[in-house]
Amino acid sequence: MKVKAIILTLVTLASLGVTVALWFAMNSAQVEYEEVEAIVNSSETITHRGRNGSGTYYTYEVTVNYQDKIYELQNCHDSYSYVPERAVKVYLYNGKLYANIEGVKTSSPVATLYFVFLFATFGMVLGFPIYLSKQKEKGKA
């Protein structure tokens, strides 16, 4: 049983180390994107209500026309900045248009790997103490 605890500790620490390394890699990655101008087709704020009155959150649906093709603009933080029939500066990356460079960076393969390790590490950091307490209970019984 102690061997399992030691292995889980080492795996958790290794995952944390990889997560930190990937964070630095994601933030320093030079992602190839193209800054382009597109025309806003539509801009809408969608209101979502949580279950049992647990709050309200918003999503923003913005569509733009670039080279006679309609794109859904990714990573929008608001809808009021995108007035229909006006030109906006957007970023073309991997066949998608993004509202900002942060959206481009967080959709790169390195960023995807970072988020996988981040959530896995978060789960291990929360789950490991629960595992230890359950093992201690079994030992006392």
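The values are calculated or read from the model by the stated rules, or taken from the named source; none is laboratory data. Every value quoted in this text rests on a predicted model; they were computed, and no experiment measured them. Note: ideal-geometry Cβ built from the backbone for every residue, glycine included; neighbour counts use all protein chains shown. When the accessible area is computed, the model is the full protein with side chains, heavy atoms only, and any ligands, DNA or RNA have been set aside. Shrake-Rupley method; radii C 1.70, N 1.55, O 1.52, S 1.80 Å.
Summary: within the chain, the longest segment free of GluC sites (Glu not before Pro) located in DSSP loops with at most 10 other C-beta atoms within 10 Å is 86-141. For the stretch 4-84, chymotrypsin sites (Phe, Trp or Tyr not before Pro) meeting the loop criterion (DSSP other than H, G, I, E, B) and having at most 11 other Cβ atoms within 10 Å: 80. Along the stretch 6-14 the Karplus relation, 6.51 cos²θ - 1.76 cosθ + 1.60 evaluated at θ = phi - 60°, assigns HN-Hα couplings of 5, 4, 5, 5, 5, 5, 5, 5, 5 Hz to successive residues, with x for each Gly and Pro. Heavy-atom accessible surface of the stretch 1-135, averaged per residue, reaches 68 Å², computed with a 1.4 Å probe. Overall form of the stretch 55-118: oblate. Here a/c, set by the Cα gyration tensor axes a ≥ b ≥ c, is 1.5 or more, and a/b is not larger than b/c.
The magnitude of the dipole of the chain, with charges of +1 and -1 set on the Cβ of Lys/Arg and Asp/Glu and taken from the Cα centre, is near 1400 debye.
Computed from backbone phi, the HN-Hα couplings of the stretch 27-34 come to 6, 9, 5, 9, 8, 7, 9, 10 Hz, rounded to whole numbers (Karplus: 6.51 cos²θ - 1.76 cosθ + 1.60, θ = phi - 60°; Gly and Pro given as x). Close amide H pairs (under 5 Å, H built 1.01 Å from N) link residue 41 with 63, 64, 65, 85, residues at least 5 positions away or on another chain.
Note: relative contact order over the chain, using C-alpha pairs below 8 Å and six or more positions apart, is 28 percent. Here the stretch 116-133 is scanned for amide nitrogen atoms under 12 Å from the site 7 Å beyond the Cα of residue 4 along Cα-to-Cβ, giving 131-133. Compared with the dominant principal axis of the Cα atoms in the chain, helix 109-140 is inclined by about 30°.
Calculated [222 nm] ellipticity per residue, helices only, for the chain: -16000 deg cm²/dmol; basis is -39500 (n - 2.57) per DSSP H run with n ≥ 4, divided by all residues, nearest 500.
Counting charges near residue 79 (Lys, Arg +1; Asp, Glu -1) among other residues having Cβ under 14 Å from its Cβ returns a value of -3.
In order along the stretch 36-42, phi translates into HN-Hα couplings of 10, 10, 10, 9, 6, 8, 8 Hz, rounded to whole numbers, per the Karplus curve 6.51 cos²θ - 1.76 cosθ + 1.60 with θ = phi - 60° and x for Gly and Pro. Using the Cα gyration tensor of the stretch 91-130, with a ≥ b ≥ c the square roots of its eigenvalues, what is the shape: rounded (a/c below 1.5), prolate (a/b larger than b/c) or oblate (neither)? Cα axes put the stretch 91-130 in the prolate bin. Expressed as a whole percentage, what fraction of the accessible surface of the chain belongs to carbon and sulfur atoms when a 1.4 Å probe is rolled over the protein heavy atoms? Carbon with sulfur: 58 percent of the solvent-accessible area. Here the Gaussian network model covers the chain, with springs between Cα atoms less than 10 Å apart; of 84, 109, 129, 129 fluctuates the most. Take the alpha carbon gyration tensor of the chain, find the square roots of its eigenvalues, order them as a ≥ b ≥ c, and report rounded if a/c is under 1.5; if not, report prolate when a/b exceeds b/c, else oblate. Verdict is oblate for the chain.
Residues considered: 12, 63, 47. Largest GNM mean-square fluctuation over the chain, using C-alpha springs under 10 Å, is found at 47.
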